[in-house]
Amino acid sequence: MARHEGSSRAISMSTVAVAIALLLLLGFEHGDAATFVVGDSNGWNLGVEGWPNGKVFRAGDILRFNYNPIVHNVVTVDESG
């Protein structure tokens, strides 16, 4: 009987170890997210075409658009816009 309990306990500990490893991996993937200010210190303007060069973007990253609301705005446009 004691032998069976030890085997069951080992399986349970393995399951817990795998669950912890998966949670850590998911947490690290989220921890890699970066925030990019579009245009860097110059902010958002119409001359940022080359800004993405040399940057690596990943799912979960945040793109922050700092702009002067007196000069620019954010509106929804269709494909022709």
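The values are calculated or read from the model by the stated rules, or taken from the named source; none is laboratory data. Since the model is a prediction, treat every value here as computed from it, not as a measurement. We work out accessible area using only protein heavy atoms, side chains counted, and drop any ligands, DNA or RNA first. Shrake-Rupley method; radii C 1.70, N 1.55, O 1.52, S 1.80 Å.
Which far-off residues, 5 or more places away or on another chain, put their amide H under 5 Å from the one on Val48, with H placed in the peptide plane?
Amide H neighbours of Val48: none.
Quick one: accessible surface of Ser41, probe radius 1.4 Å, all protein chains present, in square angstrom to the nearest 10.
My reading of the accessible area for Ser41 is about 120 Å².
Val71 accessible area, nearest 10 Å², 1.4 Å probe?
My reading of the accessible area for Val71 is about 100 Å².
Quick one: which residues, 5+ away or cross-chain, put their amide H under 5 Å from the amide H of Val37? H built at 1.01 Å from N.
Under 5 Å from the amide H of Val37: Arg64.
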